[in-house]
1. Rolling a 1.4 angstrom probe over the protein heavy atoms, how many square angstrom per residue are accessible across segment 332-412?
2. I'd like to know which of THR640, SER67, GLY371 lies farthest towards the positive end of the charge dipole of the chain, counting +1 on Cβ of Lys and Arg and -1 on Cβ of Asp and Glu.
3. Place a point 7 Å from the Cα of VAL14 along the Cα-to-Cβ direction; which residues of segment 109-138 have their backbone N under 18 Å from it?
4. Looking at segment 527-677, I'd like the Rg to Rh ratio, where Rg is from alpha-carbon atoms and Rh is Kirkwood's inverse mean 1/r.
5. For segment 393-402, in order, what is each residue's ³J(HN,Hα) by Karplus, 6.51 cos²θ - 1.76 cosθ + 1.60 with θ = phi - 60°, in whole Hz (x at glycine and Pro)?
6. Roughly how many Å² is the accessible area per residue of segment 54-161, as a whole number, for a 1.4 Å probe?
7. Determine the shape class of segment 1-141: with a ≥ b ≥ c the square roots of the Cα gyration tensor eigenvalues, call it rounded for a/c under 1.5, and otherwise prolate if a/b is greater than b/c, oblate otherwise.
8. Which pairs in the list LYS166/LYS579; LYS408/LYS579; LYS166/LYS309; LYS368/LYS579; LYS166/LYS611; LYS408/LYS578 are over 25 Å apart, alpha-carbon to alpha-carbon?
Amino acid sequence: MYSLIVFLPILGSVIAGLFGRIIGNRVSELVTTGCLFAAAALSGVAFYDVAIQGHNYIIPVLPWIHSGAFAVDWTVRIDTITAVMLVVVTGVSSLVHLYSIGYMHEDPHRPRFFSYLSLFTFAMLMLVTANNFLQLFFGWEGVGLASYLLIGFWYTRPSANAAAMKAFIVNRVGDFGFALGIFGIWAVFGTLDFDAVFAAAPHFVGKSFEFAGHHVDILTTLCLLLFVGAMGKSAQLGLHTWLPDAMEGPTPVSALIHAATMVTAGVFLVCRCSPMFQLSPVALEFVTFIGATTAFFAASVGLFQNDIKRVIAYSTCSQLGYMFAAAGVSAYNAAMFHLFTHAFFKALLFLSAGAVIHSMHHEQDMRKMGGLARAIPFTWAMMLIGNLALTGAGLPYLNVGLAGFYSKDAIINSTFAAHSGIGSYAFALLIVSAGMTSFYSWRQFLMTFHGRYRGADMDPHEVHHDEEHDEPLRGEEDTGHSQTHQHHLPKLEEVHESPLVMLVPLGLLALGALFAGAAFFHFFVGEGAHEFWRASLFVGHGEEGELPMWVELAPLTVTIIGFLIAFYYYILHPSLPKKLADRRGMLYLFLFNKWYFDELYDFLFVRPALKIGRFLWKRGDGTVIDGLGPDGIAARVLDTARGAVRLQTGYIYHYALAMLLGVVALVTWFKIAGGAL
């Protein structure tokens, strides 16, 4: 059964990818979606058997690499943390497959799309069921490859190609650190198996090695290298720039990447390696710092974005920061709890945004929406549930709320309960981030569904541009058929709900966003946490004593403040935001331009790399290698041939003179030679 969970998605991927043209679009959709729903059903059984009943499994698949002392087998590891990830990955992926049947119905390349989706899911399942670091790395790279294929699915669009390349390259930076960490683990422990490494790790506490004349702690170095890989995959500050651009892919891809796969891989890695990280306080402090700072950074950037998908993308980046902040203060179970609940409401938000985009003829600019609640009430209700879950709506002392309330508050409380300097830093930034999250979430919701419909103000045949920077908006466009497609904005009466095949997944995800937090709080972070997680995850002793009232009420307070500010600006005084934007203040431009990270990286890395590449191309390759090599030799041969051609003048007296000179030279040689003899 457990092997089927892993291999059913790749079976569907192979069938759709290799035989899609033969079996047709509809059969390709049904095969891949059916395989995912079967895997999801089996994952539910596995969750009950492993996480609830307490059974663990190590299932050999096949011998893999055996070279001298190096031996790695392909083995499926099923413990509680794996069971949780199986439910998240297959559950969300199956619903994304179902949703895509409606969303992609006009695309002529559906077999390829569904094949890529299933390949993506298989790679993630390979990652979470790994029993050793090399197998995990195999799934890690598979997820990176599949993300490249999906983000650049509409390959006729230059922006999609650029976004796919950006995601691939930025992740390679993180993966280099991850690979170094795996090399170091093999060098230190002589094995890559999780159990063996985690069992031996306590013996290396306080030990160091010499590097560049300095003594460096072994475990700290290994954990930091592993975390660099996690930073790339989970889009943490510094290696985050690929995540917003990943919105160039179709909306179902955005939901899959941001909710259940890829971006959660980094959090899973840190939690899986919690027995190692727990032995390195320096590494944990760094994880906390990066996580809290990323949460604040991404939330601040999301304040003024106008693309409905990009707002949710920065929300994902911020929420991942919450998870790492929790892991950094040793609340790994809280991090996994937020990963679990986040999958439901973030997939719900992305797919609801996709339903809005579908209804608006592929328009993504929220400034061209408004008043859609009357036209698409079901999508409005789904987005409302997703927003409430994201902002952590709930009542602390009554312990009643949506999914995000339980997991986000558990993280914020754990940072305060850490009673450390870095914990206080994280607590302060996460509280501020919660307020900003509330503002941009309700800003998005109110701009999209309430107020007057602003699409009627636009010329239906115009190419839409960013009013503030006069740059073309990056929309879904026409599923890749044309790079210059112009979509028209519908009249409000023309806006209608998406087909049922797209709405059913929204309803199912909404159930998770409503009830997953309350249903699983006891197991993930409550009194039953130790029994639930057992040896798969380090679980601390929990909070000592009750938290102060102001700590309990702080998240709710800033959430309400964020909502009130959004309501004031976008409902009571809707003309104010544009006036403030037209002022183009320094803070507004700083946040709108994402802290200028892209511009900074372009200046520091992209342009110098292009200059070096051009120099090596023109001077190194063209002048030196080709000039002295093939091109140079060929040129000398041509020069010699041209010189020989000049000797053939066609005049008889030239030839007679040449013959005479030849005879004179020959006679002279014989005379000299004869005289010498």
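The values are calculated or read from the model by the stated rules, or taken from the named source; none is laboratory data. In this text, all values refer to a predicted model and were calculated from it rather than measured experimentally. Positions of Cβ are backbone-derived with ideal geometry, glycine not excepted, and every protein chain shown enters the neighbour counts. Each accessible area value is taken on the protein alone, full model and side chains, heavy atoms only, with ligands, DNA and RNA left out. Shrake-Rupley method; radii C 1.70, N 1.55, O 1.52, S 1.80 Å.
1. Values: 1580 Å² over 81 residues.
Per-residue value: 20 Å².
2. Towards the positive end, the residue furthest out is THR640.
3. The answer is 112, 114-127, whose backbone nitrogens lie closer than 18 Å to the label point.
4. Across segment 527-677, the Cα-based Rg/Rh ratio is 1.59.
5. Result, ordered by residue: 5, x, 10, x, 6, 7, 6, 10, x, 7 Hz.
6. On a per-residue basis, 30 Å².
7. Numbers: a/c = 2.65, a/b = 1.54, b/c = 1.73.
Note, shape of segment 1-141 comes out oblate.
8. On the way: LYS166/LYS579 34 Å; LYS408/LYS579 34 Å; LYS166/LYS309 18 Å; LYS368/LYS579 17 Å; LYS166/LYS611 18 Å; LYS408/LYS578 32 Å.
With Cα atoms farther than 25 Å apart: LYS166/LYS579; LYS408/LYS579; LYS408/LYS578.
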